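Report on the following structure.
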Amino acid sequence: INLTSADSLAAGNRSSRGQSSAQAERAVKKVNGVMSAIAEVQPFIKIMFSYYQIVGGMSWGFDLNFPPIITSFLSFTSSIVNLDFLNLMPLGCITTSDFHRTLVVMTLGPFTLGFLNLLLYKAFKTCGKKQRANETFGWFLFMTFLILPSVSTKIFSTFACRDFDGDYGSYLKVDYSINCDSAEHKKYVTYAWVCCAVFPIGVPLMYFFLLRQVKTLLDPGQKQLCFEKGEEEGLKAALEEREQHEQENEDLASLSFLYSAYEPKCWYFEIVETMRKLIL
């Protein structure tokens, strides 16, 4: 009786392990399916985000007065895609705040968050957790993509002054309570120049150096392959070789947000898109 019970128990354990293994495999397949779907729609999402990031600032940049309903819609959507949640909060009802304080909050906040993200990335890498480190750095790049337009617009607004007739002086375009000729504002102008080096100049440069280091892995010679095999076959061969490099080099996974939406020969195009948004 004891032997029969033991055999039954062992069989039950094997059955439970088999069911758990099958459930784990199904869960992995579902996760891989979701990640694959996200990767496929990522280019369209980036295009949509970039569109609203640009259009959301046109009213201010070109002194355009849109109808109220469009203004409200663009203000809401641009606040979401730019992570500018301060614009959605009624801070004027809570505390007094001017442009200078908002500038400091909107620049130091992302800088601190990005610095902590990089520290976490370094910690994962030191502990040998490469996958977690790559995921952390990928989220860091995604954050820079989201916050760069709104932060850069806020920085550029520091230099946008309007001169009034009749010797009334020069006042800040986004906040007429601030005199551009005042000593206090000139200090913030200096601070804004430092922020320019970190955000609108520093972020595209960071993209360039990160991608330039792995250029040969991202572009295995697509132009030559297309010349030898034709456009479609050459592109297919280049993409397959790039995927093989991704499997061999785990660090490429952390940069996939910057290049995965483009052909191998256009490994640099996220930099072009970033500069285009900043210029607009």
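The values are calculated or read from the model by the stated rules, or taken from the named source; none is laboratory data. Because the structure is predicted, anything quoted here is derived from the model rather than measured. Cβ atoms come from the backbone with ideal geometry, glycine included; neighbour counts cover every protein chain shown. SASA here: full protein model, heavy atoms, side chains in, ligands and nucleic acids out. Shrake-Rupley method; radii C 1.70, N 1.55, O 1.52, S 1.80 Å.
Filter segment 115-132 down to the residues that are at pLDDT below 90 and polar (S, T, N, Q), then identify the one that is surrounded by the fewest Cβ atoms within 10 Å (Cβ to Cβ).
Only one residue fits best here, namely Thr126.
What's the total number of residues in segment 167-206 that are aromatic (Phe, Trp, Tyr), in contact with a helix residue (DSSP H, G or I) (Cβ under 7 Å, 6 or more places away or on another chain) and either open to solvent by 90 Å² or more (accessible area, probe 1.4 Å) or not in a helix (DSSP H, G or I) (or both)? Walk me through how you get there before you give the answer.
Initial filter on segment 167-206 (aromatic (Phe, Trp, Tyr)): 168, 171, 176, 188, 191, 193, 199.
Adding the requirement that they be in contact with a helix residue (DSSP H, G or I) (Cβ under 7 Å, 6 or more places away or on another chain) leaves 188, 199.
Now drop any that are not either open to solvent by 90 Å² or more (accessible area, probe 1.4 Å) or not in a helix (DSSP H, G or I) (or both), which leaves 199.
Counting residues in segment 167-206 that are aromatic (Phe, Trp, Tyr), in contact with a helix residue (DSSP H, G or I) (Cβ under 7 Å, 6 or more places away or on another chain) and either open to solvent by 90 Å² or more (accessible area, probe 1.4 Å) or not in a helix (DSSP H, G or I) (or both) gives 1.
Go through segment 233-247 and give me each residue that's of a type in the set (D, E, K, R) and at pLDDT 90 or above.
Within segment 233-247, Glu233, Lys236, Glu240, Glu241, Arg242, Glu243 qualify.
Go through segment 155-188 and give me each residue that's in contact (Cβ under 8 Å) with a residue 40 or more places away in the chain and farther than 20 Å from Phe62 by Cβ.
Once the filter is applied, which keeps residues that are in contact (Cβ under 8 Å) with a residue 40 or more places away in the chain and farther than 20 Å from Phe62 by Cβ, segment 155-188 yields Ser177, Ile178, Glu184, His185, Tyr188.
Any idea which residue in segment 231-280 is surrounded by the most Cβ atoms within 10 Å (Cβ to Cβ), counting only those that are assigned to a loop (DSSP other than H, G, I, E, B) and touching a Phe, Trp or Tyr at 6+ places or on another chain (Cβ under 6 Å)? Spell out how you get there, then give the answer.
Within segment 231-280, the first condition is being assigned to a loop (DSSP other than H, G, I, E, B), and the residues that meet it are 249, 260-263, 267-268, 280.
With touching a Phe, Trp or Tyr at 6+ places or on another chain (Cβ under 6 Å) added as a condition, the list becomes 262, 267.
On the way: Tyr262: 16, Trp267: 22.
Here the answer is Trp267.
Quick one: which residue in Thr96, Thr107, Thr112 is surrounded by fewer than 11 Cβ atoms within 10 Å (Cβ to Cβ), at pLDDT 80 or above and β-branched (Val, Ile, Thr)? Can you show your working first?
On the way: Thr96 fails: at pLDDT 80 or above; Thr107 fails: surrounded by fewer than 11 Cβ atoms within 10 Å (Cβ to Cβ).
Going through Thr96, Thr107, Thr112 in turn, the sole match is Thr112.
List pairs: first in segment 38-64 and modelled with pLDDT of 80 or more, second part of a helix (DSSP H, G or I) and surrounded by fewer than 12 Cβ atoms within 10 Å (Cβ to Cβ), Cβ under 6 Å, 6+ apart or cross-chain?
From segment 38-64, no pairs qualify.
How many of the residues in segment 133-166 are open to solvent by less than 90 Å² (accessible area, probe 1.4 Å), closer than 20 Å to Phe199 by Cβ and assigned to a helix (DSSP H, G or I)?
Counting residues in segment 133-166 that are open to solvent by less than 90 Å² (accessible area, probe 1.4 Å), closer than 20 Å to Phe199 by Cβ and assigned to a helix (DSSP H, G or I) gives 20.
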